[in-house]
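The values are calculated or read from the model by the stated rules, or taken from the named source; none is laboratory data. The structure displayed is predicted, hence computed values, not measured ones. In this analysis, Cβ positions are derived from the backbone assuming ideal geometry, glycine residues included, and neighbour counts consider all displayed protein chains.
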Amino acid sequence: MSLPEPTTVLLVRHGMTPTTGKLLPGRAPGLRLSETGRAQADRVASGIAALDPQPVAVYASPLERARETAAPIARALGVRVRTERGLVELDIGDWTGTSLARARRRHEWGAVQRWPSGFAFPGGESFAQLVARTTETVARLVRMHPGQTIVAVSHADPIRALVSTAAGIPLDLFQRLVVSTASVSAVQYAPDGPRVVCVNASAEGLVRS
């Protein structure tokens, strides 16, 4: 008996914003894509629309930058964006709005980078909670779309958490994964386990692969 076809989840990081590489916005509302970010979203939409088979659904974190990235993808596919709370950014609590330069000077920064499994943001989430939340969310989406391809637009840390979990990479090493703005990482979820197809691919590279 053949196994059921896997569900492919395309994990798209939102496009560039005015704060990318400068500060940690966390879940602060009102942050939108920059002009560059909007162009990135259009390119990734074109790449995803060129896939065969095409994705059947587009889910997005409720934050503006994710929904703005998801919008052209959904238009290109002829579907609507479905907001999914479980794809939201890591809650960094009291660190929200901190500049990246200042965050790197904090004594906790070493733990964030090298021992995330033992770290929780004051007033926010732990990395372990992030893994549990995102894994449960994607498992639920996979059950809703057996054998199909879907898009999930999220943020760097949630995508790192999902890819590292699928690949069996320990949480304390997940910061080694590069997840650039508007990149695509693909994971196939099959009954015999997940398979990581690509990480941090460009829209153009996704089509060629």
The conditions are (1) farther than 28 Å from Glu136 by Cβ; (2) assigned to a loop (DSSP other than H, G, I, E, B); (3) not acidic (Asp, Glu), and Arg75 fails exactly one of them. Which is it? (2)
Looking at the stretch 121-171 only, could you name the residues that are part of a helix (DSSP H, G or I), out of contact with any Leu (no Cβ under 7 Å at 6 or more places or on another chain), of a type outside the set (A, V, I, L, M, F, W, C) and free of Cβ contacts under 8 Å to residues at least 24 places away in the same chain? Gln129, Arg143
Set Ala71, Ala103, Ala39, Ala49: member being surrounded by fewer than 22 Cβ atoms within 10 Å (Cβ to Cβ) and more than 21 Å from Asn200 (Cα to Cα): Ala103
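Quick one: would you say Val44 is in a strand (DSSP E or B), in contact (Cβ under 8 Å) with a residue 40 or more places away in the chain and either of a type outside the set (S, T, N, Q) or surrounded by fewer than 20 Cβ atoms within 10 Å (Cβ to Cβ) (or both)?
Spelling it out, it is not the case that Val44 is in a strand (DSSP E or B), in contact (Cβ under 8 Å) with a residue 40 or more places away in the chain and either of a type outside the set (S, T, N, Q) or surrounded by fewer than 20 Cβ atoms within 10 Å (Cβ to Cβ) (or both).
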Hits in the stretch 1-39 (condition: under 24 Å from Gly123 (Cα atoms), in a loop (DSSP other than H, G, I, E, B) and not basic (Lys, Arg)): Thr19, Thr20, Gly21, Pro25, Gly26, Ala28, Pro29, Gly30, Leu31
Residues located in the stretch 153-209, provided they are surrounded by 19 or more Cβ atoms within 10 Å (Cβ to Cβ) and at positive phi: Ala182
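Residue-by-condition table, conditions (1) under 15 Å from the mean Cα position of the chain (by Cα); (2) farther than 23 Å from Glu64 by Cα:
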site	(1), (2)
Trp109	no, yes
Thr137	yes, no
His155	yes, no
Leu162	yes, no
Leu171	no, yes
Thr181	yes, no
Val187	yes, yes
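Residue-wise test of (1) out of contact with any Phe, Trp or Tyr (no Cβ under 7 Å at 6 or more places or on another chain); (2) within 30 Å of Ala39 (Cβ to Cβ); (3) at pLDDT 95 or above.
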residue	(1), (2), (3)
Arg102	yes, yes, yes
Arg105	yes, no, yes
Pro116	no, no, yes
Ser126	no, no, yes
His155	yes, yes, yes
Val163	yes, yes, yes
Pro170	yes, no, yes
Ala203	yes, yes, no
Arg208	yes, yes, no
Of those in the stretch 1-53 that are out of contact with any strand residue (DSSP E or B) (no Cβ under 7 Å at 6 or more places or on another chain) and of a type in the set (S, T, N, Q), the residue modelled with the lowest pLDDT is Ser2
